[in-house]
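Trainee: What follows is a structure written as structure tokens; I'll ask about it next.
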Amino acid sequence: MEKNKSVIKNELISVCMPAYNAEKYIREAINSILVQSYTNLELIIVNDGSTDQTLSVVKQFSDPRIKIINRENKGQCAAANLAYQHATGEYIKFMDADDIISRDFIKNQYELINGHPTWIASAQWGRFYHNDLSTFTLNPERVWKDMKPIDWLVESLQDGPNMMQCALWLIPRNILDRTGLWNEELSLINDFEFFIRVLLTAEQIKFSDKATLFYRSGMQHSLSRQKSKKALLSGYLSTKLGCASILSFENSARTREICANLYQLWHYECYPQLPIESLELKLLADNIGGSNLKFVSAGYTRVLATLLGWKRTKYIKYLLGF
């Protein structure tokens with residue numbers, strides 16, 4: 001009975017959407033919000049200095065629930081923070097400008113956690129390629145269930161990097177007020193560091209199998225595909241900060257193992273562009289028990305790594321521009 005009363009409250013939900021050069025995708029993202037069966041929402045779009053027609057596309061929508069903020073380019077995290085500062089809802093969803101969510105996504109997540117200010121809602125997700133939704137397939141994970149946040153993190157990181165994409169989560173405002181916002185120093189894997197802090201502030205993760213994120217893959221210029229020096233520095237810092245948060249919350253054999261593996265992974269990833277940071281990550285892994293994670297490769301890279309070792313192989317590929 002109490003749950004039914006809380007659902008009737010129908011609280012305002014704020015969707016925060018940073019947008020940079022998203023003219024090809026943002027219309028679909030906006031439409032997926034405006035057609036939600038849960039209608040008491042606002043959509044705050046921050047046009048982060050786009051040089052294409054993103055702003056023109058956004059302005060074509062006349063729905064009064066949309067707020068548009070136009071600003072000079074300062075990066076995705078700064079844009080997300082600015083959107084949050086203009087949000088007035090009791091629940092917050094961050095969403096990329098190329099995301100698509102199912103029609104009952106917000107409704108189903110809200111009903112799971114409404115009345116429980118220390119709970120966060122998660123969702124299922126899958127990929128589609130080349131802007132073709134007919135290619136969509138779900139990507140089932142072991143963490144698609146109700147879990148304690150630290151257990152969710154350990155389980156999801158057991159096999160390496162996990163899926164923490166921002167649109168998956170519905171977050172009570174009070175949790176974000178305690179957690180702090182996005183780290184504006186980060187670009188690559190900024191979700192990792194941010195959502196570790198957010199999840200560890202919550203008491204429970206509630207999973208909805210009736211909320212689906214359609215994750216767009218195969219875009220050549222997405223942040224997740226960048227391997228520039230700046231992007232690698234972001235990955236290095238995000239990994240350090242995220243693992244520090246995990247180990248501060250629970251310093252145990254299981255958390256040391258997953259953090260050592262993440263350090264080791266980015267030890268490989270940062271070489272040779274960031275040799276000092278790469279070495280630091282190796283030392284961090286060794287200091288908490290070490291990692292048995294091997295250098296992952298395929299095709300000719302695997303052949304070269306077998307013959308020359310992973311360092312020489314990565315250095316050669318770097319010199320050749322691969």
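Taken together, the values in this text are just the output of simple stated rules run on the coordinates, not laboratory data. Computed from a prediction, not measured in an experiment: that's the story for all the values here. A quick note on method: Cβ atoms are made from the backbone with ideal geometry, for glycine too, and the neighbour counts reach across all protein chains shown.
Trainee: Which of the trypsin sites (Lys or Arg not before Pro) found in segment 166-215 are in a DSSP loop and have at most 12 neighbouring Cβ atoms, other than their own, within 10 Å?
Mentor: none
Trainee: Work out from phi, with θ = phi - 60° and the Karplus expression 6.51 cos²θ - 1.76 cosθ + 1.60, the ³J(HN,Hα) of each residue of segment 270-287, listed in order in whole Hz, and give x for Gly and Pro.
Mentor: Whole-Hz 3J(HN,Hα) from phi for segment 270-287: 7, 8, x, 4, 10, x, 5, 5, 4, 5, 4, 5, 5, 5, 4, 4, 5, 5.
Trainee: Around TRP169, under 11 Å between beta carbons, what's the net of Lys plus Arg minus Asp minus Glu among the other residues?
Mentor: +1
Trainee: Taking amide H positions as placed in the peptide plane 1.01 Å from N, state which residues far from ASN131 in sequence (5 or more) or on other chains have amide H under 5 Å from it.
Mentor: SER217
Trainee: Right, another one. Can you tally the net charge around VAL296? Count Lys and Arg as +1, Asp and Glu as -1, for every other residue whose Cβ sits under 13 Å from the Cβ of VAL296.
Mentor: +1
Trainee: Right, here's the next one. Could you work out the pair-distance distribution P(r) of the chain from its alpha-carbon pairs, with 10 angstrom bin width and percents rounded to whole numbers?
Mentor: All Cα pairs considered, the percentages come to 6, 25, 33, 24, 10, 2, 0.
Trainee: For segment 108-126 and segment 304-322, write down the distance between their C-alpha centroids in whole Å.
Mentor: Distance between centres, Cα-based: 45 Å.
Trainee: Across segment 39-51, in residue order, what do the Karplus-derived ³J(HN,Hα) couplings come to in whole Hz, using 6.51 cos²θ - 1.76 cosθ + 1.60 with θ = phi - 60° and x for Gly and Pro?
Mentor: Using θ = phi - 60°, the values come out as 9, 7, 9, 10, 10, 9, 10, 9, 7, 8, x, 4, 9 Hz.
Trainee: Just from its helices, what would the mean residue ellipticity at 222 nm be for the chain, if runs of 4 or more DSSP H residues each count -39500 (n - 2.57) and the sum is divided by every residue, rounded to the nearest 500 deg cm²/dmol?
Mentor: -13000 deg cm²/dmol, from helical runs alone.
Trainee: Which cysteines in the chain lack any other cysteine whose Cβ sits under 4.7 Å from their own Cβ?
Mentor: CYS16, CYS77, CYS166, CYS270
Trainee: Per residue, what volume in Å³ does the convex hull of the Cα atoms of segment 225-320 enclose?
Mentor: So the per-residue hull volume is 102 Å³.
Trainee: Same structure, new question: Would you mind counting up the charge near GLU90? Only other residues with Cβ under 10 Å from its Cβ, with Lys and Arg at +1 and Asp and Glu at -1.
Mentor: Charge balance near GLU90 sits at +1.
Trainee: Another question, then. Determine which lysines satisfy two conditions relative to LYS107: a Cα distance under 23 Å, and not lying fewer than 8 residues away in the same chain.
Mentor: Answer for LYS107, where 23 Å is the Cα cut-off: LYS3, LYS5, LYS9, LYS67, LYS93, LYS145, LYS148, LYS206, LYS210, listed by chain and number.
Trainee: Which whole-number percent gives the relative contact order of the chain, counting Cα pairs below 8 Å spaced six or more residues apart?
Mentor: Normalised by residue count, the contact order of the chain is 16 percent.
Trainee: Assign unit charges at the C-beta atoms only (+1 for Lys and Arg, -1 for Asp and Glu), then state the dipole size of the chain relative to its Cα centre in Debye, rounded to the nearest 20.
Mentor: 600
Trainee: Along the charge dipole of the chain, pointing to its positive end and built from +1/-1 on Cβ of Lys, Arg, Asp and Glu, which listed residue (LEU262, ILE100, LEU133) has its Cα farthest out?
Mentor: LEU262
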